[in-house]
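Enquirer: The structure is given below, and queries will be raised subsequently.
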Amino acid sequence: MRITSALVVALLLSSFSTTVSSSEGSSLWDEARLGVNGGTVGAIAISLGNGSIITEATVIEDNFVPVIEVYTATWCTSCVHTENALDEAIGDAEVFRIHYHRHKYEALDPFGSNSTEHRWESTYGDGSYAASEPSNTRVAPSKIFFGERLHWGMRASSSNLVNDYATSLATGSSAHFTGPASFSTSQTDQGNLQVSWNLSGLEFQCMDGGGSCPTITLSPWVFFIEDSAYFPEGTNGLDYYHHVLHEAYEFDTLTGAATLDIPAVWDGDDLSVVLLIDWSYPEEPDSPLPATGPIAALMCMLAAASARRQR
């Protein structure tokens, strides 16, 4: 009986240490979204050149790379430091980056728009406001990994920012999908961009064998992103600003089409239209009773063993 009790205690401590380890990992970041479980499935990009002549194109994707969203500004010197750390953390890994630039009440940064600010604030504003000091829905610099994990400011939560970002990237998404999504573009007679999408092939891979899998909502967004924009007037000294998000459009159907105006390219011929896919489901209200799990089960076993020993 003593051996059994010792084994139970060892298992209990092992489970507890795993929980602590997981808690330590999550302490490196804040929740990007409040009031909802959600994140990004991935992105599909189609090059538009300078936006004047568009060839018909269709891309079918079933192997999405991690999406990293960055909130920045051309005057933000601390953004340069954190983006260098982000570059180092990514290394040779394949990711899809989107850089949001401050626009509202902004006199120094020429990039961004009302629609890009809407995307950031409607998706990440509450999480940013809750995490940042002083509270703000738009903090430059901020980084979002997989649409789930928020790193704001330039102070590291671990030994350094590179480790923070690398850990967040390596943790991956909390939701997994299989199956294809498609994105198509063509040009109308009036010169506008016609886009269409189909997300009906994406399937959520629920890991809960108990039959309590949530109902997932998929939300398509269409972005216009310029790969590189030259702006030597930026006071943070970068001159070239990459992955610049110009416009963001939100839709709410798994399949659909829309006609969009193509934003003016800042310079060059490196504009892309991007389908970004969000997933979400509502958070369940907190239960007044503790959830059952391995720790609770082990406690019950330990109590039972103690009772038998007393008899």
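The values are calculated or read from the model by the stated rules, or taken from the named source; none is laboratory data. Model, not experiment: these values are computed from the prediction. No Cβ is skipped: glycine too gets one built from the backbone with ideal geometry, and neighbour counts run over all protein chains shown.
Enquirer: Mind checking which pairs have a first residue in the range 50-79 that is more than 19 Å from His151 (Cα to Cα) and a second that is hydroxyl-bearing (Ser, Thr, Tyr) and surrounded by 13 or more Cβ atoms within 10 Å (Cβ to Cβ), Cβ under 6 Å, 6 or more apart or different chains?
Expert: Hits for this filter: Glu56/Ser186; Ala57/Thr185; Thr58/Ser184; Ile60/Ser182.
Enquirer: Can you tell me how many residues in the range 137-164 are more than 30 Å from Glu203 (Cβ to Cβ) and either among the hydrophobic types (A, V, I, L, M, F, W, C) or assigned to a helix (DSSP H, G or I) (or both)?
Expert: 9
Enquirer: Considering only residues that are under 25 Å from the mean Cα position of the chain (by Cα) and assigned to a loop (DSSP other than H, G, I, E, B), which ones fall in the range 263-272? Talk me through it step by step, then tell me what you get.
Expert: Start the filter on the range 263-272 by keeping residues that are under 25 Å from the mean Cα position of the chain (by Cα), which leaves 263, 270-272.
Once the filter is applied, which keeps residues that are under 25 Å from the mean Cα position of the chain (by Cα) and assigned to a loop (DSSP other than H, G, I, E, B), the range 263-272 yields Pro263, Asp270.
Enquirer: Also, quick follow-up: For residues that are surrounded by fewer than 17 Cβ atoms within 10 Å (Cβ to Cβ), of a type in the set (D, E, K, R) and closer than 22 Å to Asn198 by Cβ, tally how many sit in the range 33-89.
Expert: Number satisfying all stated conditions: 2.
Enquirer: Taking the options Gly237, Gly191, name whichever one is at pLDDT below 95 and either in contact with a His (Cβ under 7 Å, 6 or more places away or on another chain) or not aromatic (Phe, Trp, Tyr) (or both). Please lay out each step first, then the result.
Expert: Working: Gly237 fails: at pLDDT below 95.
On inspection, the qualifying residue turns out to be Gly191.
Enquirer: Name the residues in the range 45-74 that are under 19 Å from Gly179 (Cα atoms) and over 15 Å from the mean Cα position of the chain (by Cα), would you?
Expert: Here is the first cut: in the range 45-74, the residues under 19 Å from Gly179 (Cα atoms) are 45, 58-67.
Ala45, Thr58, Val59, Ile60, Glu61, Asp62, Asn63, listed by residue number.
Enquirer: A further question on this structure: So if I check each of Thr74, Thr40, which one is farther than 21 Å from Leu275 by Cβ, in contact with an Asp or Glu (Cβ under 7 Å, 6 or more places away or on another chain) and not in a helix (DSSP H, G or I)?
Expert: Values: Thr40 fails: farther than 21 Å from Leu275 by Cβ.
Result: Thr74 is the single residue among Thr74, Thr40 that is farther than 21 Å from Leu275 by Cβ, in contact with an Asp or Glu (Cβ under 7 Å, 6 or more places away or on another chain) and not in a helix (DSSP H, G or I).
Enquirer: Given the structure, is Val41 at pLDDT 95 or above, closer than 16 Å to Ala140 by Cα and of a type in the set (Val, Ile, Thr)? Break it down stepwise before answering.
Expert: Values: at pLDDT 95 or above: yes; closer than 16 Å to Ala140 by Cα: no; of a type in the set (Val, Ile, Thr): yes.
Spelling it out, it is not the case that Val41 is at pLDDT 95 or above, closer than 16 Å to Ala140 by Cα and of a type in the set (Val, Ile, Thr).
Enquirer: Further question on the same structure: Could you grab me the full set of residues in the range 122-154 that are β-branched (Val, Ile, Thr), farther than 14 Å from Cys76 by Cα and touching a residue at least 60 places away in the same chain (Cβ under 8 Å)?
Expert: So in the range 122-154, the residues β-branched (Val, Ile, Thr) come out as 123, 137, 139, 144.
Subsequent filtering for residues that are farther than 14 Å from Cys76 by Cα retains 123, 137, 144.
Scanning the range 122-154 gives Thr123, Ile144.
Enquirer: Looking only at the range 98-111, which residues are under 19 Å from the mean Cα position of the chain (by Cα) and over 13 Å from Pro141 (Cβ atoms)?
Expert: Ile98
Enquirer: Just give me the residues in the range 142-191 being small (Gly, Ala, Ser), closer than 17 Å to Asn63 by Cα and in contact with a Leu (Cβ under 7 Å, 6 or more places away or on another chain), in sequence order.
Expert: If the condition is that a residue be small (Gly, Ala, Ser), closer than 17 Å to Asn63 by Cα and in contact with a Leu (Cβ under 7 Å, 6 or more places away or on another chain), then Gly179, Ala181 are the ones that fit.
Enquirer: OK, next. So Cys206 fits all but one of (1) in a loop (DSSP other than H, G, I, E, B); (2) at pLDDT 90 or above; (3) surrounded by 14 or more Cβ atoms within 10 Å (Cβ to Cβ); (4) not hydroxyl-bearing (Ser, Thr, Tyr); what number is the exception?
Expert: Single failed check for Cys206: (2).
Enquirer: Confirm whether Thr259 is part of a loop (DSSP other than H, G, I, E, B), surrounded by fewer than 15 Cβ atoms within 10 Å (Cβ to Cβ) and either under 18 Å from the mean Cα position of the chain (by Cα) or at pLDDT 95 or above (or both). It would help to see each step written out before you state the result.
Expert: On the way: part of a loop (DSSP other than H, G, I, E, B): no; surrounded by fewer than 15 Cβ atoms within 10 Å (Cβ to Cβ): yes; either under 18 Å from the mean Cα position of the chain (by Cα) or at pLDDT 95 or above (or both): yes.
Criteria not met by Thr259.
Enquirer: Looking at Ser219, is it closer than 23 Å to Val36 by Cβ and not in a loop (DSSP other than H, G, I, E, B)? First the steps, then the outcome.
Expert: Values: closer than 23 Å to Val36 by Cβ: yes; not in a loop (DSSP other than H, G, I, E, B): yes.
In short, yes.
Enquirer: I'd like to know if the range 228-247 contains one or more residues that are among the aliphatic types (A, V, I, L, M), under 21 Å from Ser272 (Cα atoms), in contact (Cβ under 8 Å) with a residue 40 or more places away in the chain and surrounded by fewer than 18 Cβ atoms within 10 Å (Cβ to Cβ). Give the steps one after another, and end with the answer.
Expert: Just the residues of the range 228-247 that are among the aliphatic types (A, V, I, L, M), to begin with: 229, 238, 244-245.
In the following step, the residues that additionally are under 21 Å from Ser272 (Cα atoms) were identified as 229, 244-245.
Next, from what is left, pick out any that are in contact (Cβ under 8 Å) with a residue 40 or more places away in the chain: 229, 244-245.
If we keep only those that are surrounded by fewer than 18 Cβ atoms within 10 Å (Cβ to Cβ) too, we end up with none.
No: zero hits.
Enquirer: Under 7 Å between Cβ atoms, at least 6 apart or on separate chains: pull out the pairs that start in the range 89-107 with a residue that is over 21 Å from Val274 (Cα atoms) and end on any residue that is among the hydroxyl-bearing types (Ser, Thr, Tyr) and crowded, with 19+ Cβ neighbours inside 10 Å.
Expert: Within 7 Å, the pairs are Ala89/Tyr165.
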